[in-house]
Amino acid sequence: MRWTSPGPGIFRQVRVGRKGRPFRCYKLRTMFSGSPSVPTHEATASLITPAGQFLRRTKIDELPQLWNVLKGEM
């Protein structure tokens, strides 16, 4: 997040959604800016911000994806 790492607080990534259509998936950023793009289960603890640990543990980082669900993309 912004208070523990510079950069945007929202992370976006292009993913394939319903009917094979690409869409932008939104999440709260939990890793330091400039970290390599790796799956969550492969991210080392040194890549995750202190606030990101809390967000991941409580699944709050997934909340922005609700917008994608409401739009029918996921």
- Normalising by the residue count of the range 26-74, find the relative contact order in percent from Cα pairs under 8 Å and 6+ residues apart. 52 percent
- Report the semi-axes of the equivalent ellipsoid for the chain in whole Å, largest first, where each axis is √(5λ) for an eigenvalue λ of the Cα gyration tensor. 23, 13, 11
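Read the figures in this text as sums done on the coordinates, not as results from a lab. Source: prediction; values computed, not measured.
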